[in-house]
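First comes the structure, then the notes that go with it.
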Amino acid sequence: MTRDEYLAQLRALLTGRTPPDELERIVAYYTEYFDEAGPAGEARVVQELGTPAELVGRILGANRVRETPAERTPPTRGSGHSSLWKVLLAICAAPIAIPLIIAAVIVVLALAFVVVCVVAGVAIGGVVAIGVGIVTAWSGFSVLFSAGMATMMFFCGMGMLSSGVGLLMIAGSFALGGLCFRAMAGALNRWLMRREARV
(Lines give C-alpha, C1' and ligand atoms only; values in the text may rest on other atoms or scores of the structure.)
Protein backbone atom coordinates (compact mmCIF):
# COMPACT_ATOMS: atom_id res chain seq x y z
CA MET A 1 0.00 0.00 0.00
CA THR A 2 1.38 3.37 -0.98
CA ARG A 3 1.51 6.46 1.20
CA ASP A 4 -1.31 8.18 -0.74
CA GLU A 5 -3.57 5.11 -0.60
CA TYR A 6 -2.95 4.76 3.12
CA LEU A 7 -3.74 8.41 3.84
CA ALA A 8 -6.85 8.30 1.61
CA GLN A 9 -8.21 5.26 3.49
CA LEU A 10 -7.35 6.90 6.82
CA ARG A 11 -9.27 10.04 5.81
CA ALA A 12 -12.24 7.97 4.58
CA LEU A 13 -12.42 5.96 7.82
CA LEU A 14 -12.23 9.08 10.01
CA THR A 15 -14.77 11.11 8.01
CA GLY A 16 -17.96 11.39 10.03
CA ARG A 17 -16.33 9.97 13.14
CA THR A 18 -14.30 13.04 14.10
CA PRO A 19 -14.92 16.78 13.72
CA PRO A 20 -13.53 18.21 10.46
CA ASP A 21 -10.75 20.22 12.14
CA GLU A 22 -9.66 17.18 14.17
CA LEU A 23 -9.72 15.06 11.00
CA GLU A 24 -7.43 17.51 9.20
CA ARG A 25 -5.06 17.61 12.20
CA ILE A 26 -4.79 13.80 12.30
CA VAL A 27 -4.26 13.45 8.53
CA ALA A 28 -1.63 16.24 8.59
CA TYR A 29 0.20 14.49 11.45
CA TYR A 30 0.41 11.15 9.60
CA THR A 31 1.26 12.89 6.31
CA GLU A 32 4.22 14.50 8.07
CA TYR A 33 5.08 11.10 9.59
CA PHE A 34 5.27 9.59 6.08
CA ASP A 35 7.23 12.60 4.77
CA GLU A 36 9.87 12.18 7.46
CA ALA A 37 10.29 8.50 6.54
CA GLY A 38 10.65 9.36 2.85
CA PRO A 39 9.71 7.23 -0.14
CA ALA A 40 12.11 4.46 0.91
CA GLY A 41 10.55 4.17 4.37
CA GLU A 42 6.87 4.05 3.30
CA ALA A 43 6.62 0.26 3.67
CA ARG A 44 8.22 0.41 7.14
CA VAL A 45 5.77 3.14 8.27
CA VAL A 46 2.77 1.16 6.95
CA GLN A 47 4.00 -1.93 8.80
CA GLU A 48 4.62 0.11 11.94
CA LEU A 49 1.21 1.79 11.89
CA GLY A 50 -0.78 -1.28 10.82
CA THR A 51 -3.82 -1.08 8.52
CA PRO A 52 -5.73 2.19 8.33
CA ALA A 53 -8.63 0.50 10.15
CA GLU A 54 -6.35 -0.57 13.02
CA LEU A 55 -4.89 2.92 13.25
CA VAL A 56 -8.36 4.48 13.32
CA GLY A 57 -9.32 1.98 16.02
CA ARG A 58 -6.39 3.16 18.14
CA ILE A 59 -7.15 6.82 17.42
CA LEU A 60 -10.81 6.51 18.34
CA GLY A 61 -10.22 4.00 21.12
CA ALA A 62 -12.55 1.53 19.43
CA ASN A 63 -11.95 -2.22 19.42
CA ARG A 64 -12.92 -2.72 15.80
CA VAL A 65 -13.38 -0.40 12.82
CA ARG A 66 -14.84 -1.58 9.56
CA GLU A 67 -12.50 -1.67 6.58
CA THR A 68 -14.58 0.26 4.03
CA PRO A 69 -16.46 3.51 4.49
CA ALA A 70 -19.59 1.95 2.93
CA GLU A 71 -19.72 -0.66 5.71
CA ARG A 72 -19.23 1.87 8.48
CA THR A 73 -22.12 2.47 10.80
CA PRO A 74 -22.81 6.18 11.17
CA PRO A 75 -22.02 7.65 14.55
CA THR A 76 -25.01 7.44 16.83
CA ARG A 77 -26.62 10.68 17.86
CA GLY A 78 -27.68 11.25 21.39
CA SER A 79 -25.45 9.28 23.69
CA GLY A 80 -26.45 8.48 27.23
CA HIS A 81 -24.97 11.74 28.48
CA SER A 82 -26.95 13.76 25.95
CA SER A 83 -30.19 12.04 26.97
CA LEU A 84 -29.41 12.64 30.63
CA TRP A 85 -28.89 16.35 29.97
CA LYS A 86 -32.19 16.51 28.08
CA VAL A 87 -34.01 14.89 31.01
CA LEU A 88 -32.36 17.23 33.51
CA LEU A 89 -33.18 20.23 31.33
CA ALA A 90 -36.82 19.12 31.08
CA ILE A 91 -37.03 18.71 34.86
CA CYS A 92 -35.51 22.15 35.47
CA ALA A 93 -37.69 23.81 32.82
CA ALA A 94 -40.93 22.21 34.06
CA PRO A 95 -41.65 24.79 36.83
CA ILE A 96 -41.53 27.55 34.21
CA ALA A 97 -42.95 25.72 31.19
CA ILE A 98 -46.00 24.14 32.84
CA PRO A 99 -47.50 27.44 34.10
CA LEU A 100 -46.81 29.04 30.72
CA ILE A 101 -48.56 26.19 28.90
CA ILE A 102 -51.51 26.37 31.31
CA ALA A 103 -51.71 30.17 30.84
CA ALA A 104 -51.64 29.78 27.04
CA VAL A 105 -54.41 27.17 27.17
CA ILE A 106 -56.50 29.43 29.43
CA VAL A 107 -56.02 32.41 27.09
CA VAL A 108 -57.01 30.33 24.05
CA LEU A 109 -60.09 28.95 25.84
CA ALA A 110 -61.07 32.44 27.04
CA LEU A 111 -60.70 33.80 23.52
CA ALA A 112 -62.81 30.96 22.13
CA PHE A 113 -65.43 31.61 24.84
CA VAL A 114 -65.54 35.31 23.98
CA VAL A 115 -65.95 34.52 20.27
CA VAL A 116 -68.76 32.04 21.01
CA CYS A 117 -70.48 34.60 23.27
CA VAL A 118 -70.24 37.37 20.67
CA VAL A 119 -71.53 35.11 17.88
CA ALA A 120 -74.33 33.76 20.08
CA GLY A 121 -75.20 37.29 21.24
CA VAL A 122 -75.50 38.58 17.69
CA ALA A 123 -77.60 35.55 16.71
CA ILE A 124 -79.88 35.96 19.73
CA GLY A 125 -80.17 39.68 18.96
CA GLY A 126 -81.22 38.76 15.42
CA VAL A 127 -83.87 36.34 16.71
CA VAL A 128 -85.17 39.00 19.11
CA ALA A 129 -85.25 41.59 16.30
CA ILE A 130 -87.25 39.20 14.11
CA GLY A 131 -89.66 38.58 17.02
CA VAL A 132 -90.06 42.31 17.62
CA GLY A 133 -90.64 42.82 13.90
CA ILE A 134 -93.35 40.17 13.79
CA VAL A 135 -95.07 41.61 16.87
CA THR A 136 -94.83 45.16 15.46
CA ALA A 137 -96.25 44.10 12.11
CA TRP A 138 -99.08 42.23 13.84
CA SER A 139 -99.78 45.32 15.92
CA GLY A 140 -100.00 47.34 12.71
CA PHE A 141 -102.68 45.03 11.35
CA SER A 142 -104.56 45.15 14.65
CA VAL A 143 -104.79 48.96 14.58
CA LEU A 144 -106.02 49.07 11.00
CA PHE A 145 -109.66 49.78 11.94
CA SER A 146 -109.02 51.94 14.99
CA ALA A 147 -106.07 54.16 13.93
CA GLY A 148 -106.27 54.16 10.16
CA MET A 149 -104.29 53.01 7.16
CA ALA A 150 -101.25 55.29 7.68
CA THR A 151 -100.63 53.98 11.20
CA MET A 152 -100.99 50.38 10.06
CA MET A 153 -98.49 50.93 7.22
CA PHE A 154 -96.05 52.59 9.61
CA PHE A 155 -96.20 49.68 12.08
CA CYS A 156 -95.99 47.09 9.32
CA GLY A 157 -93.02 48.87 7.77
CA MET A 158 -91.23 49.10 11.11
CA GLY A 159 -91.97 45.41 11.74
CA MET A 160 -90.54 44.39 8.38
CA LEU A 161 -87.49 46.61 8.93
CA SER A 162 -86.90 45.05 12.33
CA SER A 163 -87.29 41.54 10.88
CA GLY A 164 -84.87 42.36 8.05
CA VAL A 165 -82.28 43.66 10.51
CA GLY A 166 -82.79 40.49 12.56
CA LEU A 167 -82.20 38.29 9.51
CA LEU A 168 -79.04 40.27 8.69
CA MET A 169 -77.83 39.84 12.27
CA ILE A 170 -78.36 36.07 12.13
CA ALA A 171 -76.57 35.84 8.76
CA GLY A 172 -73.77 38.02 10.15
CA SER A 173 -73.43 35.83 13.23
CA PHE A 174 -73.00 32.74 11.02
CA ALA A 175 -70.45 34.56 8.86
CA LEU A 176 -68.59 35.85 11.93
CA GLY A 177 -68.59 32.37 13.50
CA GLY A 178 -67.24 30.80 10.30
CA LEU A 179 -64.57 33.48 9.96
CA CYS A 180 -63.43 33.06 13.57
CA PHE A 181 -63.43 29.26 13.24
CA ARG A 182 -61.32 29.39 10.06
CA ALA A 183 -58.89 31.85 11.67
CA MET A 184 -58.45 29.69 14.78
CA ALA A 185 -58.12 26.49 12.71
CA GLY A 186 -55.51 28.19 10.47
CA ALA A 187 -53.54 29.42 13.49
CA LEU A 188 -53.62 25.94 15.03
CA ASN A 189 -52.54 24.39 11.74
CA ARG A 190 -49.59 26.83 11.39
CA TRP A 191 -48.55 26.12 15.00
CA LEU A 192 -48.64 22.35 14.39
CA MET A 193 -46.65 22.74 11.15
CA ARG A 194 -43.97 24.75 12.98
CA ARG A 195 -43.81 22.05 15.68
CA GLU A 196 -43.42 19.32 13.05
CA ALA A 197 -40.75 21.32 11.26
CA ARG A 198 -38.78 21.66 14.49
CA VAL A 199 -38.97 17.94 15.13
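The values are calculated or read from the model by the stated rules, or taken from the named source; none is laboratory data. Since the model is a prediction, treat every value here as computed from it, not as a measurement. In this analysis, Cβ positions are derived from the backbone assuming ideal geometry, glycine residues included, and neighbour counts consider all displayed protein chains. Accessible surface areas use protein heavy atoms only, side chains included; no ligands, DNA or RNA. Shrake-Rupley method; radii C 1.70, N 1.55, O 1.52, S 1.80 Å.
Solvent exposure of the chain amounts to 71 Å² per residue of accessible area, where only protein heavy atoms count and the probe is 1.4 Å.
Here Phe145 and Val114 are evaluated by their C-beta separation; at R0 = 35 Å the FRET efficiency comes out at 0.10. Treating each Cα of the chain as one equal point scatterer and applying the Debye formula with no solvent, the log10 of I(q)/I(0) at q = 0.13 Å⁻¹ comes out as -0.89. Using R0 = 35 Å, the C-beta based FRET efficiency linking Thr51 and Ile91 works out to 0.15. Here the accessible area is traced with a 1.4 Å probe on the protein chains. For the chain, carbon and sulfur cover 72 percent of it.
Placing +1 on the Cβ of every Lys and Arg and -1 on the Cβ of every Asp and Glu, with no other charges, gives the chain a dipole of roughly 1020 debye about its Cα centre. Projecting label points 7 angstrom from Cα along Cα→Cβ for Asp4 and Arg17 puts them 2.4 nm apart.
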